[in-house]
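Asker: Sharing a structure with you now.
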Amino acid sequence: MARKAIGIDIGGTGIKGALVDTKQGELLSSRIKVETPAGGEPEEIASTVKDIVAQLTNRSDRPIGICFPAVVQNGVTRSAANVSKRWIGLDAAKLFTQTLHTKIQILNDADAAGVAETRYGAGKGQKGLVIMTTLGTGIGTALIHNGELIPNAELGHLEIDGLDYETKASFAAKEREGLSFVQWADRLQRYYSELERLLTPNLFIVGGGVSKSHKEFLPLLKLKTPIVPAKLKNAAGIIGAAAVVTKEF
Ligand code: BGC
């Protein structure tokens with residue numbers, strides 16, 4: 001029988017949610033997407049999440065997994081990418097529990113995507129170290145070792161040539177600077193080579209919206225480590241967050 005939970009993926013521009021079968025890693029409803037309230041303030045985001053949940057279920061006891069673009073330690077958000085700085089140091093688990101009145105779990109967005117890809121997607125069954133990377137506004141990263149998440153790796157901020165490298169190699173950097181895929185691939189080469197040098201992973205998985213164009217840039221990279229596109233596309237965060245709250249991971 002399907003084990004059901006709601007997955008919510010909070011981002012700087014949109015908040016997405018769906019009902020998930022966490023046994024299969026599949027959506028059981030269509031994906032609802034609403035704009036993130038301007039300013040990304042905690043109370044407004046929490047109440048938007050509540051509205052999304054109300055559209056997805058009339059059962060008040062569904063567990064809810066939430067992923068968020070920040071370091072999340074013991075339910076406290078320790079950073080904030082593209083949302084209000086008031087999240088920094090906030091007990092987000094408490095805020096969402098008080099707003100949603102059910103069991104919740106909150107984790108970093110790239111960690112959720114990494115969980116989903118290693119449990120159900122491109123890294124399924126992979127032993128050793130998997131590094132999930134999401135190329136978007138920033139670079140999100142997740143480390144999964146023998147199927148276990150090592151949370152809050154912030155390797156998008158790896159300093160290379162004196163720069164926080166997400167400012168050079170994210171998809172947003174490509175767009176901002178009008179780089180071709182070939183030019184962008186030079187920067188990705190530098191970035192993934194450095195990750196490879198430091199961590200010797202068994203597999204890289206590349207997610208984020210641009211991963212649908214993976215044929216344009218992944219074949220250009222020369223690495224020792226296999227590098228593959230994510231499979232779960234824009235549902236990875238939702239599915240991973242739901243899996244974590246039902247302890248499917
Ligand atoms: C943040 C990470 C987040 C990533 C993707 C980075 O800027 O530091 O916590 O996972 O963006 O949203």
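Table: residues versus (1) of a type in the set (A, V, I, L, M, F, W, C); (2) in contact with a Gly (Cβ under 8 Å, 6 or more places away or on another chain); (3) more than 18 Å from residue 234 (Cα to Cα).
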position	(1), (2), (3)
8	yes, yes, no
16	no, yes, no
27	yes, no, no
38	yes, no, yes
58	no, no, yes
72	yes, no, yes
79	no, no, yes
87	yes, yes, yes
99	no, no, yes
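Asker: Still on this structure: Name, by its number, the condition in (1) more than 27 Å from residue 96 (Cβ to Cβ); (2) more than 15 Å from the chain's Cα centre (by Cα) that does not hold for residue 211.
Answerer: The number of the failed condition is (2).
Asker: For the stretch 138-170, how many residues meet the condition of being surrounded by fewer than 20 Cβ atoms within 10 Å (Cβ to Cβ), under 16 Å from residue 82 (Cα atoms) and within 16 Å of the chain's Cα centre (by Cα)?
Answerer: 2
Asker: Turning to a different aspect of this structure: If you take just the strands (runs of 3 or more DSSP E) that sit entirely in the stretch 116-174, which of them hold at least 3 residues that are more than 10 Å from the ligand (Cβ to nearest atom) and over 24 Å from residue 213 (Cβ atoms)?
Answerer: Fully inside the stretch 116-174 and qualifying: 139-145, 148-150.
Asker: Condition first: open to solvent by 50 Å² or more (accessible area, probe 1.4 Å) and either hydrophobic (A, V, I, L, M, F, W, C) or touching a helix residue (DSSP H, G or I) at 6+ places or on another chain (Cβ under 8 Å) (or both). Now tell me which residues in the stretch 110-129 satisfy that.
Answerer: 119, 124, 126
Asker: Can you pull out the strands (runs of 3 or more DSSP E) entirely within the stretch 1-65 that have at least 3 residues that are crowded, with 18+ Cβ neighbours inside 10 Å?
Answerer: Result: 4-10, 14-21.
Asker: Right, residue 243: surrounded by 14 or more Cβ atoms within 10 Å (Cβ to Cβ) and in a strand (DSSP E or B) or not?
Answerer: Taking the combined requirement at face value, the residue does not satisfy it.
Asker: So the check is Cβ under 6 Å with 6+ separation or different chains; which pairs have a first residue in the stretch 192-218 that's in the same structural domain as residue 171 (by TED's automatic domain parsing) and a second one that's charged (D, E, K, R) and surrounded by 12 or more Cβ atoms within 10 Å (Cβ to Cβ)?
Answerer: Short answer, once both residue conditions are applied: 205/117.
Asker: For the stretch 20-31, which positions are within 17 Å of the chain's Cα centre (by Cα) and not polar (S, T, N, Q)?
Answerer: Listed by number, the residues that qualify are 20, 25, 26, 27, 31.
Asker: Considering each residue of the stretch 186-236, count those that are assigned to a strand (DSSP E or B) and open to solvent by less than 30 Å² (accessible area, probe 1.4 Å), and give that number.
Answerer: 5
Asker: More than 16 Å from the ligand (Cβ to nearest atom), outside the structural domain of residue 195 (by TED's automatic domain parsing), open to solvent by less than 40 Å² (accessible area, probe 1.4 Å) and of a type outside the set (Asp, Glu) - does that describe any residue in the stretch 71-94?
Answerer: Checked the stretch 71-94: at least one residue is more than 16 Å from the ligand (Cβ to nearest atom), outside the structural domain of residue 195 (by TED's automatic domain parsing), open to solvent by less than 40 Å² (accessible area, probe 1.4 Å) and of a type outside the set (Asp, Glu).
The values are calculated or read from the model by the stated rules, or taken from the named source; none is laboratory data. It should be emphasised that the depicted structure is a prediction, and the values quoted were computed from it without experimental measurement. Note that we place each Cβ from the backbone using ideal geometry, even for glycine, and neighbour counts take in every protein chain shown. With ligands, DNA and RNA removed, areas are computed over all heavy atoms of the protein, side chains included. Shrake-Rupley method; radii C 1.70, N 1.55, O 1.52, S 1.80 Å.
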